[in-house]
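Notes follow once the structure below has been shown.
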Amino acid sequence: MNAQPVHSIAFDRSAQVLAAGCDDGVVRVLDAGGGGLAMMASLRGHEDAVQAVAFDPTAQYLVSAGSDATVRIWSEGVIKGAGLGDGGGGVGT
């Protein structure tokens with residue numbers, strides 16, 4: 001992960017996946033299993049800093065809120081499909 005300030009973090013209920021809301025408007029999703037952190041996806045869609053991130057209780061969705069006055073709901077499929085690419089957009093704003 002590059003050196004961006006992080007405003008919010010959240011673990012999914014398995015405590016194996018970590019989401020970080022960053023100053024550059026990107027939500028970074030990391031694999032926290034295996035004793036380290038490995039980048040899983042970079043979710044782009046916010047136009048300003050991401051101030052909050054949270055997983056729903058089933059871990060099928062990740063919600064992010066940005067300083068750009070938007071809320072994005074990222075589906076599990078979007079997260080897995082994003083890989084390290086551009087991440088597309090959330091399912092809702």
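The values are calculated or read from the model by the stated rules, or taken from the named source; none is laboratory data. All of these numbers come straight from a predicted model, not from anything done at the bench. Backbone-built Cβ (ideal geometry, glycine too); neighbour counts: all protein chains shown.
Here are some notes:
- Residues of segment 9-47 classified as within 10 Å of the chain's Cα centre (by Cα) and hydroxyl-bearing (S, T, Y), total: 1
- Verdict on G45 being at pLDDT 90 or above and either out of contact with any Ser or Thr (no Cβ under 8 Å at 6 or more places or on another chain) or within 18 Å of G81 (Cβ to Cβ) (or both): yes
- Close contacts from segment 11-33, counting a first residue that is more than 17 Å from D56 (Cα to Cα) and without any contact (Cβ under 8 Å) to a residue 24 or more places away in the chain and a second that is outside any strand (DSSP E or B) and of a type in the set (G, A, S), with Cβ to Cβ under 9 Å and a gap of 6+ residues or different chains, come to A32/A15; G33/S14; G33/A15.
- Count of segment 36-71 residues which are without any contact (Cβ under 8 Å) to a residue 40 or more places away in the chain and of a type in the set (D, E, K, R): 3
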